[in-house]
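One structure below.
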Amino acid sequence: MSLKRKSSSKASVLSRTDSLTMTLWENVRAMNDATNFDVVIVCTGTQTQANYWQQRLEDGRGVILGWETQPLAVCEDWDGGAGNALGTLYAFKKACDLAKTLGYGDLKAKLDEGSISIGMYHTAGKGTRLAPLPGSENNNKPGVKLPASIEIGGRPRAITILEAVVKQTSVYAEFRKGRLSVFWGDQVFIPSVPIPYEPNYHIDILCKLGPMPTAEEWEEGGLDKYGLIAVNPLGQAAQVDKVDFDTATELLQDLGEIDMVGTSLGSFSVSSLMLDVLLEEFKDNLAKKSGKFDTDPHLWMPMTLPEAGYEHIMSRKISPHRARAHYSRIQAMMDNLKARDPECMDRLFGAVNVGKDSIWWDYGQLKLYYRNMMLLRDDSEEASLARSFLGMPGRTCRSEVFGTSLDGRSVVQGCSLGAGRVSNSVLCNVHAAEIDADGCILVNITAKKITARPGSLVYNVVDDTTEGIIADENVALAGVWREDGSDVKMKAYTSIDTGKLWEQREFDNPHTFKEVYDMNRETDVAAIERRRLTRQHAAQREVLSSVETKTRDDSVQSVILRSIPSFLLGGAVGALAFMYMRRK
């Protein structure tokens, strides 16, 4: 294998050049104006979550989805999980059945004729590292909110992580008629290269490509810790997983000269023919709901690597015998593809470059959620891009601010605030008669009084006590609602990996995060959200009434004082002072 290494230039480093900045802004504008996928499939962990997303996405037509887009929400009822390969095929089959039930027609036939594009979003998972926020959404991890307001069903709502991902990835829809595109539901990225492309391969995968590194650069960049896509000058690609430079060199010999290498984002699209072949090969697994296969180790690598190389990589996970058996199975499947497309090997597997300088916002961990939300306060180019992507016409919008002092840095979306101050913070859907917020994030909060210290995060809390909400420094506080309308509060530090505390009871929490997850397993997500919103709206009316009363009283007092002639006011003040001195 020839390792072709291109010389780097100033335009390829992480500093934002004029050209790079222009491309990033063009891509954000494209996302805000994107043509949506014709069909959006959401794969969830439970049927109640699927019911929630079916309704939410239908209500979101014209906002997140196109008016003609057909949402299809299904659940992966597969003991032990299917893995993202079998999970994709299983979700597609269930979506085909649901499409017929809803009167949309034959989904696969429409895909085969190239009249539709389909976007699929995998959302299953416990969200252990994002706790306590997924528990606050009753295990509906993709329903975790971001601090930006949109109209859903005629009402202002905070946008969810999944809706942000759907909005961002819709830019690929117009180029993918006749293809199934698959994405993960907790990461948003802004490509640093132009988005338009021609899908010439049966399989293409999103990745951050750069020039082929040297052995030293490979080690310094920690590339041995990632799944990587290597591309030759013809655009043909192969995948390797967590290998050192010398091993990669050996494994990729069949690809020839290597032009570009980069980390895989995991998201991919497949042609209708490739989908046919996959469904045929794994039809028994799908019928019996047996097995657990992921795309990288069980599809892409045995498709693109020689048998010895595949066996070498998989030896860390399974026996050589099992690796050889699976490799043979995939090669037999490839023979089926070749019979239907004799030239398929020349256009089997390709890369879709998002650029090595692409911007990446990961919401899968509590500390990353906090960091990427606090980014919105900044004056940087990335912060401006984030605010534009989330549809913020200004730092403060859709809000009523009565007596609260706002600094010029805070982001306030869809809020009503009485007396107090907000500095260096991000607020969305917050309603309070009094507030003292400093360096914090507040999302979906209603209280008579809020005190939030630097580093704190308060999420989905309604408080009707006089003392109100008090959030300590660097602490996340989330309300977990139950079907009977009651709620409990769960805490965590915003800077730690909560996945490591999944089964531990910390911060005087009434439950462990795992116990909250287990409590939420069978809950009706939509029903609980309705109850929470009902209580929120009642509390908001009370808070707004008190704020308006105080504002009106203050205005009346101000008018009275302004109506008294200054010489009389001065005389009255003097008389009061004289009487006070006499008493002394």
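The values are calculated or read from the model by the stated rules, or taken from the named source; none is laboratory data. A quick note: this is a predicted structure, and the numbers were derived from the prediction, not measured. Glycine also receives a Cβ, built like all others from the backbone with ideal geometry; neighbour counts cover every protein chain displayed. Heavy atoms of the whole protein, side chains included, go into the accessibility calculation; ligands, DNA and RNA do not. Shrake-Rupley method; radii C 1.70, N 1.55, O 1.52, S 1.80 Å.
For (1) touching a residue at least 40 places away in the same chain (Cβ under 8 Å); (2) in contact with a Leu (Cβ under 9 Å, 6 or more places away or on another chain), each residue gets a yes or a no:
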{"site": "Ala248", "(1), (2)": "no, yes"}
{"site": "Leu251", "(1), (2)": "yes, yes"}
{"site": "Glu257", "(1), (2)": "yes, yes"}
{"site": "Ser264", "(1), (2)": "yes, yes"}
{"site": "Phe293", "(1), (2)": "yes, yes"}
{"site": "Asp296", "(1), (2)": "yes, no"}
{"site": "Tyr310", "(1), (2)": "no, yes"}
{"site": "His326", "(1), (2)": "no, no"}
{"site": "Asp335", "(1), (2)": "no, no"}
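For region 107-138, which positions are open to solvent by less than 50 Å² (accessible area, probe 1.4 Å) and part of a loop (DSSP other than H, G, I, E, B)? Full working, then the answer.
Step one: list which residues in region 107-138 are open to solvent by less than 50 Å² (accessible area, probe 1.4 Å), which gives 107-109, 111, 114, 116-123, 125, 127-128, 130-138.
Scanning region 107-138 gives Gly114, Ile116, Ser117, Thr123, Gly125, Gly127, Ala131, Pro132, Glu137, Asn138.
For region 14-22, the criterion of being among the charged types (D, E, K, R), assigned to a helix (DSSP H, G or I), within 18 Å of the chain's Cα centre (by Cα) and at pLDDT 85 or above is satisfied by no residue at all. Close Cβ contacts (under 7 Å, 6 or more residues apart or on different chains) running from residues in region 135-146 that are more than 14 Å from Ala527 (Cα to Cα) to residues that are among the β-branched types (Val, Ile, Thr) and part of a helix (DSSP H, G or I) comprise Gly135/Val516; Pro142/Ile161; Val144/Ile161; Leu146/Ile161.
Looking at region 351-369, is at least one residue among the acidic types (Asp, Glu) and over 21 Å from the mean Cα position of the chain (by Cα)? Break it down into steps so the answer makes sense when it comes.
Keep residues of region 351-369 that are among the acidic types (Asp, Glu), which gives 357, 362.
Adding the requirement that they be over 21 Å from the mean Cα position of the chain (by Cα) leaves none.
Within region 351-369 (the criterion being among the acidic types (Asp, Glu) and over 21 Å from the mean Cα position of the chain (by Cα)), the answer is no, since none of the residues qualifies.
Against the criterion of being assigned to a strand (DSSP E or B), under 25 Å from Val412 (Cα atoms) and open to solvent by less than 10 Å² (accessible area, probe 1.4 Å), Leu162 does not qualify.
Could you tell me whether Ala452 is touching a Leu at 6+ places or on another chain (Cβ under 8 Å), surrounded by 21 or more Cβ atoms within 10 Å (Cβ to Cβ) and without any contact (Cβ under 8 Å) to a residue 60 or more places away in the chain? Considered against the rule, which asks whether it is touching a Leu at 6+ places or on another chain (Cβ under 8 Å), surrounded by 21 or more Cβ atoms within 10 Å (Cβ to Cβ) and without any contact (Cβ under 8 Å) to a residue 60 or more places away in the chain, Ala452 comes out as yes.
Of Thr123, Thr35, Thr46, Thr69, which residue is β-branched (Val, Ile, Thr) and either out of contact with any Lys or Arg (no Cβ under 9 Å at 6 or more places or on another chain) or more than 29 Å from Arg155 (Cα to Cα) (or both)? Just a single option satisfies the conditions, and that option is Thr35. Hey, among the residues in region 319-346 that are acidic (Asp, Glu) and in a helix (DSSP H, G or I), which one's farthest from Leu255 (Cα to Cα)? By that ranking, first place goes to Asp335.
Could you check region 355-379 and list, in sequence order, the residues that are farther than 20 Å from Gly455 by Cα and not hydrophobic (A, V, I, L, M, F, W, C)? Working first, answer last.
Within region 355-379, the first condition is being farther than 20 Å from Gly455 by Cα, and the residues that meet it are 355-360.
The answer is Gly355, Lys356, Asp357, Ser358.
Selection of region 455-468 for residues being more than 20 Å from Arg531 (Cβ to Cβ) and open to solvent by less than 20 Å² (accessible area, probe 1.4 Å) yields Gly455, Ser456, Leu457, Gly468. Considering Glu311, Glu343, the condition of being of a type in the set (Asp, Glu) and open to solvent by 60 Å² or more (accessible area, probe 1.4 Å) is satisfied by Glu343 alone. If the condition is being in contact (Cβ under 8 Å) with a residue 40 or more places away in the chain and open to solvent by less than 40 Å² (accessible area, probe 1.4 Å), then region 215-241 contributes Leu223, Gly227, Ile229, Val231, Gly235, Ala237, Ala238, Gln239, Val240, Asp241. Of note, Phe293 satisfies the criterion of being open to solvent by 10 Å² or more (accessible area, probe 1.4 Å), out of contact with any Cys (no Cβ under 7 Å at 6 or more places or on another chain) and of a type in the set (Phe, Trp, Tyr).
Checked against the criterion of being in contact with a Phe, Trp or Tyr (Cβ under 9 Å, 6 or more places away or on another chain), closer than 22 Å to Ala50 by Cα and open to solvent by less than 70 Å² (accessible area, probe 1.4 Å), the candidates Asp518, Asp524 yield just one match: Asp524. Taking the conditions exactly as written (modelled with pLDDT of 95 or more and either closer than 27 Å to Asn285 by Cα or crowded, with 22+ Cβ neighbours inside 10 Å (or both)), does Thr46 satisfy them or not? Taking the combined requirement at face value, the residue does not satisfy it. Right, Leu206: open to solvent by less than 30 Å² (accessible area, probe 1.4 Å) and farther than 23 Å from Leu20 by Cβ or not? Considered against the rule, which asks whether it is open to solvent by less than 30 Å² (accessible area, probe 1.4 Å) and farther than 23 Å from Leu20 by Cβ, Leu206 comes out as no.
Looking at region 326-336, is at least one residue among the aromatic types (Phe, Trp, Tyr), within 32 Å of the chain's Cα centre (by Cα) and either modelled with pLDDT of 95 or more or closer than 30 Å to Ala383 by Cβ (or both)?
Taking region 326-336 and keeping what is among the aromatic types (Phe, Trp, Tyr), we get 327.
From the residues that got through so far, the ones that are within 32 Å of the chain's Cα centre (by Cα) too are none.
No, because not a single residue in region 326-336 is among the aromatic types (Phe, Trp, Tyr), within 32 Å of the chain's Cα centre (by Cα) and either modelled with pLDDT of 95 or more or closer than 30 Å to Ala383 by Cβ (or both).
With respect to (1) assigned to a helix (DSSP H, G or I); (2) of a type outside the set (Val, Ile, Thr); (3) open to solvent by 10 Å² or more (accessible area, probe 1.4 Å); (4) without any contact (Cβ under 8 Å) to a residue 24 or more places away in the chain, the lone exception for Leu273 is condition (4). Taking each residue of region 365-385 that is at pLDDT 95 or above and looking for partners that are of a type in the set (Phe, Trp, Tyr) and surrounded by fewer than 20 Cβ atoms within 10 Å (Cβ to Cβ) with beta-carbon atoms closer than 8 Å, six or more apart or interchain, yields Leu385/Trp25.
For region 242-259, the condition of being open to solvent by less than 60 Å² (accessible area, probe 1.4 Å), in contact with a Lys or Arg (Cβ under 6 Å, 6 or more places away or on another chain) and at pLDDT 95 or above holds for none of the residues.
Residues checked against (1) buried (at least 16 other Cβ atoms within 10 Å of the Cβ); (2) assigned to a strand (DSSP E or B); (3) modelled with pLDDT of 95 or more; (4) at positive phi:
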site	(1), (2), (3), (4)
Val63	yes, no, no, no
Trp67	no, no, no, no
Asp79	no, no, no, no
Thr88	yes, no, yes, no
Phe92	yes, no, yes, no
Ala95	yes, no, yes, no
Leu98	yes, no, yes, no
Gly105	no, no, yes, yes
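Give the residues of region 393-418 that are open to solvent by 20 Å² or more (accessible area, probe 1.4 Å), hydrophobic (A, V, I, L, M, F, W, C) and at pLDDT 90 or above, sorted by residue number.
Val401, Leu406
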